[in-house]
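J.: Sharing a structure below in structure tokens format, with a few things to ask.
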Amino acid sequence: MTQPSEILRQWQETAKHWTRYSDTIREMFMPLTEALVQAAGIKDGLTVLDVAGGAGEPSLTIAERVGPTGSVTCTDAISEMVEAARREAASRGITNVQFQQCTAESLPFGDDSFDVVVSRLGAMLFRDPLAAFGEMLRVLKPGGAIACIVWHKNEVNPFCHIVTDVVSRHVPAPPADPDAPGAFRFAEPGKLANIVTEAGAADVTEETLHFNIHAPISPEQFWTMRSETSDTLRVKLETLPESEKLQVAQEVQQQVGQFFPNNQMNFPAQMIMVTGRKPG
């Protein structure tokens, strides 16, 4: 199993690539941000904590929604991600957001500090999910909402499985540990909801989100982005000679072609959203 220190090292390298593609990634996952806003009842004046906010989203979009009387705290375990989020906020002129490097399992905030806690595509990578959600509930005000989104199964997300299918033909890998940190750790319906319930949340619900991952990029640009922003892919590709890397790129671009009408990305996608409330 990959050790936590190795996962952190890989994400430190990943951070610079996420910064490069921040505008594209924001557009790709804007439907998920909107789903979190709706599900958690985010509105003017609320204080929101974004756990594992990466390079700044959904924190910065949510900061715009809560307005000057509200605030957002963006956290991430990787200092490079936090700094990237800070720079993005400055470039967009967003001032009602604070930044903190920390893990989800050790949030440096007092009890009952936030109206809402969210995490978008972060929970799959928590070292100890039960401890993390316990912390998220601790810092949430009584009656406050918690909402998080994770990937549904690989096979229903061609954005993911086409790439992994091609790469696995060139770099065979052992079956993934279903409980280890990874994109599809909570892809099984009910798995994450059970953890959120065990952590102490009330009124826990689960919903499958159907949407399209859209952005104005070509198949070639898609492959470049995916191969750079995924630490798992980078590690696998590094084992191949240049000629075979080129072959992988060509195969992926050919396979994803059907999802690029008018040379723009448009993948059907499914995610799982789990919501709950802090009792009291």
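The values are calculated or read from the model by the stated rules, or taken from the named source; none is laboratory data. Keep in mind that this is a model prediction, so the values were computed, not measured. Ideal geometry is used to build each Cβ from the backbone, glycine not excepted, and the neighbour counts take in all protein chains shown. To get the accessible areas, we keep the full protein, side chains included, count just its heavy atoms, and leave off ligands, DNA and RNA. Shrake-Rupley method; radii C 1.70, N 1.55, O 1.52, S 1.80 Å.
J.: Is it the case, given these coordinates, that L49 is closer than 24 Å to P181 by Cα and of a type in the set (A, V, I, L, M, F, W, C)?
T.: Criteria met by L49.
J.: From L192, L209, which residue is in contact with a Cys (Cβ under 9 Å, 6 or more places away or on another chain) and closer than 30 Å to E135 by Cβ?
T.: Matching residue, one of L192, L209: L192.
J.: Among Q10, Q38, which is the only one that is surrounded by fewer than 18 Cβ atoms within 10 Å (Cβ to Cβ) and either modelled with pLDDT under 95 or under 15 Å from G122 (Cα atoms) (or both)?
T.: Among Q10, Q38, only Q10 is surrounded by fewer than 18 Cβ atoms within 10 Å (Cβ to Cβ) and either modelled with pLDDT under 95 or under 15 Å from G122 (Cα atoms) (or both).
J.: While we're here: State all residues of region 80-111 that are of a type in the set (D, E) and surrounded by fewer than 15 Cβ atoms within 10 Å (Cβ to Cβ); if no residue qualifies, say none.
T.: Matches in region 80-111: D111 only.
J.: Considering (1) surrounded by 21 or more Cβ atoms within 10 Å (Cβ to Cβ); (2) at negative phi, say which one G56 fails and leave the rest.
T.: Checking G56 against (1) surrounded by 21 or more Cβ atoms within 10 Å (Cβ to Cβ); (2) at negative phi, the one that fails is (2).
J.: To continue, here is another question. Residue by residue through region 138-152, note down the ones that are within 15 Å of the chain's Cα centre (by Cα) and not in a strand (DSSP E or B).
T.: Selection gives H152 alone.
J.: Which ones in region 41-53 are open to solvent by less than 10 Å² (accessible area, probe 1.4 Å) and more than 12 Å from the chain's Cα centre (by Cα)?
T.: Those that are open to solvent by less than 10 Å² (accessible area, probe 1.4 Å) and more than 12 Å from the chain's Cα centre (by Cα): V48, L49.
J.: Here's something else I'd like to know. Can you list the helices (runs of 4 or more DSSP H) found entirely within region 163-280 that contain at least 1 residues being open to solvent by 20 Å² or more (accessible area, probe 1.4 Å) and within 18 Å of C148 (Cα to Cα)?
T.: Result: 191-198.
J.: Return yes or no: is L130 open to solvent by 20 Å² or more (accessible area, probe 1.4 Å), closer than 16 Å to A104 by Cα and at pLDDT below 95?
T.: no
J.: So D115 ticks every box in (1) open to solvent by less than 70 Å² (accessible area, probe 1.4 Å); (2) without any contact (Cβ under 8 Å) to a residue 40 or more places away in the chain; (3) of a type in the set (D, E) but one. Which box is left unticked?
T.: (2)
J.: Using beta carbons and a limit of 8 Å, which pairs, at least six apart or on different chains, have the first residue in region 203-224 and within 17 Å of A269 (Cβ to Cβ) and among the polar types (S, T, N, Q) and the second one in a strand (DSSP E or B) and open to solvent by less than 70 Å² (accessible area, probe 1.4 Å)?
T.: Short answer, once both residue conditions are applied: T208/Q270; T208/M271; T208/I272; T208/M273; N212/N266; N212/F267; N212/P268; N212/A269.
J.: Identify, please: which residue in region 136-162 is of a type in the set (V, I, T) and open to solvent by 10 Å² or more (accessible area, probe 1.4 Å) and is, among those, farthest from A202 (Cα to Cα)?
T.: I162
J.: Here's something else I'd like to know. When only residues in region 62-79 that are free of Cβ contacts under 8 Å to residues at least 40 places away in the same chain and buried (at least 22 other Cβ atoms within 10 Å of the Cβ) count, which is nearest to K141 (Cα to Cα)?
T.: In this case the residue turns out to be V72.
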